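Accompanying notes for the structure given below.
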Amino acid sequence: MKYIASTFAALSLSATMATAQDIELPKQLNWTAYDTGSAGYNQAVAIGAALQDATGVNLRVLPGKNDVSRTEPLRQGRVQFSATGVGGSFMAQEGVFDFGAQNWGPQPIRVLMANNGGAINLAVGVAGDLGIKEFADLKGKRVAYIVGAPALNVNTEAYLAYGGLTWDDVERVDFGGFGASWTGLIEGQVDAAFASTNSGKAYEAEAGPRGLFWPPIDPENADGLAAMQAIAPFFSPNKAVVGATIDGTDGYQGAGYAYPVLTAMEATEADLVYNMTKAMVELFPKYDGNSPGIGGWALDKQNMEWVVPYHEGAIRYFTEVGAWNDTAQAHNDNLVARQAALAAAWEETKAANPDDWEAAWAEARREALKAGGFPVTF
């Protein structure tokens, strides 16, 4: 079972009939999310408004410039949840890129729900005044790189790979955060940047003096897709119908993946996660339509066999409403075992105290995955 079958659409509707009084949450909740103006931040704010209206719970959304700044408060327990992307979920779990540093390591991340709408793409947009038609045309152009945001940079690298390019073929321009990179595109400091098509910053770029263009991904381009997925295996071709330059058109053929992903730590109290998951599902009609692309949070769009395991509290809720089965549980157990293998390899590497930490951890990580029979990514 990848996505819940359409028969659960009726279930999702009936679940919304529960009263807000059945949702037991603290009066103050804290999430981290992407920068102000991003799709993830805007959706978190819309969810918070619905939560406040229905239950009186105040959701404080803390914007983070990069994956590390979004995940650190979660790890420290200063926020209960994070509305993140593949960086703060999959890459944090894997202990790669910035999460491979000695003060990080593979994290026991757990998922509650994710936006799997398919209405948007996660893509590299380019300034409309350059005459670019395809990703290969980015050769020699200025491309944004977000310091401390490995997910965004890997995603950009994947799009470059689709066009037969690497970072060596473009001029890398470093920015301190997602929002700054798009301000840079609008103001002429950079030519291409990564975002969700429904990001507020993308809409700003569309209305700005340079305009905006999304180069296409051809689903029939097997070689290009293979190169893209070798860098970022979570991408798949997708036709977006929501976003800057896309609204009101037949759509934009690009690629995408789940975003945002609502996460917690394994140690997060199960009852809290259960009630947060319940609120996300049962208050869905109250926030659906209140931010572009937000419809992907619907229960019938959830992927119960994703690349990061679900939290036991979320599983409890999904089981109660009939949205969980033995296949999903077996998949989840395997992902938990993957995390355990990575954690053990991390502790062994730390104990060895190698001179070249980066090389030693990369090798230990790959060997642990191979020994456990798990797919090796990165």
(message) With N set to the number of residues, divide the alpha-carbon radius of gyration of the stretch 257-378 by 2.2 N^0.38 Å and report two decimals.
(response) 1.31
(message) Could you give each residue of the stretch 234-239 its phi-based ³J(HN,Hα) in whole Hz, using Karplus coefficients 6.51, -1.76, 1.60 with θ = phi - 60°, and x for Gly or Pro?
(response) 7, 7, 8, x, 7, 9
(request) Between ARG366 and ALA343, take the C-beta separation as r, use R0 = 22 Å, and let me know the FRET efficiency to the nearest 0.05. (result) 0.90
(request) Report the full-extension gain for the segment LYS133 to LYS27: residue separation times 0.36 nm, less the Cα-Cα distance, to one decimal in nm. (result) 33.2 nm
(message) Can you give me the % of accessible surface on the chain that is carbon or sulfur? Probe 1.4 Å, all protein chains present, nothing else counted.
(response) 50
(request) Extending each Cα 7 Å along its Cβ direction at ALA230 and GLU305, get the distance between those two points in nm, one decimal. (result) 2.7
(message) Compute, for the chain, the length of the dipole vector about the Cα centre, with Cβ point charges of +1 (Lys, Arg) and -1 (Asp, Glu) only. Units Debye, rounded to 20.
(response) 520
(message) Straight-line reach only, C-alpha to C-alpha below 13 angstrom: list the aspartates and glutamates that LYS139 could link to, leaving out same-chain residues fewer than 8 apart.
(response) GLU157, ASP168, ASP169, GLU171, ASP191
(request) Mind giving me the nanometre distance, one decimal, between the label points for ASP250 and ALA270, set 7 Å out from Cα along Cα→Cβ? (result) 5.2
(request) Compute the Rg/Rh shape ratio of the stretch 132-266: radius of gyration over Kirkwood radius, all on alpha-carbon atoms. (result) 0.94
(message) If N is the number of residues in the stretch 64-131, what value comes out of its Cα radius of gyration divided by 2.2 N^0.38 Å?
(response) 1.35
(request) Scan around GLY85 for amide H atoms under 5 Å from its own, H built in the peptide plane at 1.01 Å from N, and keep only partners 5 or more places away or cross-chain. (result) VAL261
(message) Give me a comma-separated list of calculated 3J(HN,Hα) values for the stretch 338-346, in order, Karplus coefficients 6.51, -1.76, 1.60 applied at θ = phi - 60°, integers in Hz, x for any Gly or Pro.
(response) 4, 4, 5, 5, 5, 5, 5, 5, 5
(request) Pull up all non-local amide H partners of GLN80: gap of 5 or more, or a different chain, and H-to-H distance under 5 Å with H placed in the peptide plane. (result) ASN30
(request) Name the residues whose placed amide hydrogens come within less than 5 Å of the amide hydrogen of SER199, ignoring near sequence neighbours (fewer than 5 apart) on the same chain. (result) ALA39, ALA244
(message) Quick check on the chain: what are the equivalent-ellipsoid semi-axes from the Cα gyration tensor, as sqrt(5λ), descending, whole Å?
(response) 31, 27, 19
(request) Please go through the residue pairs LYS141/LYS301; LYS201/LYS301; LYS239/LYS370; LYS201/LYS286; LYS141/LYS350 and name each one whose alpha carbons sit more than 31 Å apart in this structure. (result) LYS141/LYS301; LYS239/LYS370; LYS141/LYS350
(request) Report the net charge of residues surrounding LYS141, where surrounding means a beta-carbon distance below 14 angstrom and charges are Lys +1, Arg +1, Asp -1, Glu -1. (result) -2
(request) Determine the calculated [θ] at 222 nm for the chain from helices alone, applying -39500 (n - 2.57) to every DSSP H run no shorter than 4 residues and normalising by the residue count; nearest 500 deg cm²/dmol. (result) -12000 deg cm²/dmol
(request) Provide the convex hull volume over Cα atoms per residue for the stretch 104-159, in Å³. (result) 130
(request) For ALA101 and VAL336, calculate 0.36 nm times their separation in residues minus their Cα-Cα distance, and state this gained length in nm to one decimal. (result) 82.4 nm
(message) Suppose R0 equals 56 Å. What FRET efficiency, 1/(1 + (r/R0)^6) with r the Cβ-Cβ distance, do ASN58 and GLU220 give to the nearest 0.05?
(response) 0.70
(request) Would you kindly calculate the translational diffusion coefficient of the stretch 195-302, applying Stokes-Einstein with the Kirkwood radius from alpha carbon pairs, for 20 °C and a viscosity of 1.002 mPa s, and quote it in µm² s⁻¹ without decimals? (result) 131
(request) With θ set to phi - 60°, apply the Karplus curve 6.51 cos²θ - 1.76 cosθ + 1.60 along the stretch 145-161 and write out the HN-Hα couplings as whole Hz, x wherever there is a Gly or Pro. (result) 10, 9, 5, x, 10, x, 4, 4, 6, 5, 5, 4, 4, 5, 5, 4, 4
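The values are calculated or read from the model by the stated rules, or taken from the named source; none is laboratory data. Just so it is clear, the structure is predicted and the values come from calculations on it, not from any experiment. Please note: Cβ atoms are built from the backbone with ideal geometry, for glycine as well, and neighbour counts cover all protein chains shown. Side chains are part of the model used for accessible areas, which takes the heavy atoms of the whole protein and leaves out ligands, DNA and RNA. Shrake-Rupley method; radii C 1.70, N 1.55, O 1.52, S 1.80 Å.
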